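What follows is a short report on a single structure.
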Amino acid sequence: MKLAIVTAYPPSKVTLTEYGYHLVKHFRLQKEVTEIILVTDKTEGEKDLAFTEDGCKITVKECWRFNDYSNLFKINKAISATKPDAVLFNLQFLKFGDKKIPAALGLMLPLMCKMKGIPTISLLHNIMEQVDLENAGITSNYFLKKAYNVIGNVLTKFVLASDVVAVTISKYQTILEKKYESRNVALIPHGSFETPPEPTYDLPEGPKKVMAFGKFGTYKKVEVLIEAVELIRQRTDQNIEIVIAGTDSPNTPGYLDGIKKKYIHVEQMHFTGYVAEEDVPVIFSESAVVVFPYTSTTGSSGVLHQAGSYGKAVVLPDLGDLSILVKEEGFKGEFFEPENVASLADAIEQILEHDSYRKYLAMANYRAACSLPMSEITKMYVEYFKVLQVAKSKGFTLDVPLVEKELMA
């Protein structure tokens, strides 16, 4: 199978970049995939394709940019020129831009591929029905929210034109099936990027590092984390270092610079900036606990799966999507009330003060992560592509609920 994967890819700063990297890394090891056409965004610097394992051929087509109005045509041209046997889109609603027109045009691509007769799967990491537009930094205006929801319904229908739409949370599958009467929505878990050897769960000497990881400023805000740690320092003798690992969200440039100025008086606080792929294992392994200072969620969490892979205890906001994900995939953590400093301080302190509890959470998360490695997730996609190819050769429309029963049998 010659597989085209349309995704942002390192060193890109566009959303879902890291997930794109691991899709490519693991698809190339599937025996059914003979070549990957990486249809990706243009970046300064070479694409990170330095894999250690032997795998299939990778052909890179850098042909689109964030917020480029011509992305639809450029990506379509690249797909037509390379003639893949199947296409996988790694999507969320602001994948191709945070401006309405380029974002919308990019989401028409699955429909165009379907019209070409190419077996097409779209991995949709979030759905408009579950996005808090204000917290996500899109709009707080009442009328614009209504407009975005109407537009979101139309864009969702574009994506649902794919042969299969994959979602990572069961709630998303239920919503799309009921609201849009869809029979082509598959539940395929997010998966864990890496499954390193089981760690010792011991911490390095020195301060206990409380780490947040991601792109900050919209629904990921670090003020509550900094103030919670300061509160713990006031009431305990814990030696704590705050680690803010990552960059600003594209929607909130300058956010972290503002945080540095506002909390310049806070001791033992480290901002890493962009974390390169090879540095991810180090920054996770050195952390005592990984905190999710979110005010809302926009889908499954790659950071949660990474924390599990490296055997880390986690502190999570008591929010719908994360709560569902934790229950469905077997992760464990301490929960806190979103934006509540005291509640977050209690949750972090509970882990730092009781090392046996920290290790219990860490071990549970490692087991959960190992149960869903990306190698198994990409194998699920390959099985769907194989069924799709048979269905198209016989002129059938795929009925995903029936296929899921067959694959689970």
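Between Ser371 and Lys116, full extension at 0.36 nm per residue minus the direct alpha carbon distance yields a gain of 88.1 nm. Shape index of the stretch 257-332: Rg/Rh, with Rg the Cα radius of gyration and Rh the Kirkwood radius from the inverse mean 1/r over Cα pairs, equals 1.00. Judged by the mean number of other Cβ atoms found within 10 Å, the most tightly packed of the peptides 258-271, 216-229, 381-394 leads the ranking 216-229, 381-394, 258-271. With the convex hull drawn over the C-alpha atoms of the chain, the volume per residue is 139 Å³.
Computed from backbone phi, the HN-Hα couplings of the stretch 234-246 come to 5, 10, 9, 9, 5, 8, 10, 10, 8, 10, 9, 9, x Hz, rounded to whole numbers (Karplus: 6.51 cos²θ - 1.76 cosθ + 1.60, θ = phi - 60°; Gly and Pro given as x).
Considering all alpha-carbon pairs of the stretch 141-248, what whole percent are spaced by more than 16 angstrom? For the stretch 141-248, the fraction of Cα-Cα distances above 16 Å is 76 percent.
Distance check, please: which entries in Lys74/Lys114; Lys99/Lys312; Lys2/Lys77; Lys2/Lys215; Lys99/Lys221; Lys13/Lys260 exceed 28 angstrom between their Cα atoms?
Values: Lys74/Lys114 17 Å; Lys99/Lys312 37 Å; Lys2/Lys77 17 Å; Lys2/Lys215 33 Å; Lys99/Lys221 23 Å; Lys13/Lys260 21 Å.
In this structure, Lys99/Lys312; Lys2/Lys215 exceed 28 Å between Cα atoms.
Annotation: extensible slack from Thr59 through Glu383 equals 114.4 nm (criterion: 0.36 nm per residue apart, minus Cα-Cα distance). With each label modelled as a point 7 angstrom along the Cα→C-beta vector, the Ala342-Thr397 pair spans 5.6 nm. Using only alpha carbons, the stretch 208-370 has a radius of gyration to Kirkwood radius ratio (Rg to Rh) of 0.93. For the pair Lys261 and Asn153, the difference between a 0.36 nm per residue extended length and the Cα-Cα distance amounts to 34.8 nm.
Where a number appears in this text, it was derived from the coordinates with a stated rule and is not lab data. These numbers were taken from a predicted model, which means no experiment stands behind them. We place every Cβ from the backbone using ideal geometry, glycine too, and count neighbours over all the protein chains shown.
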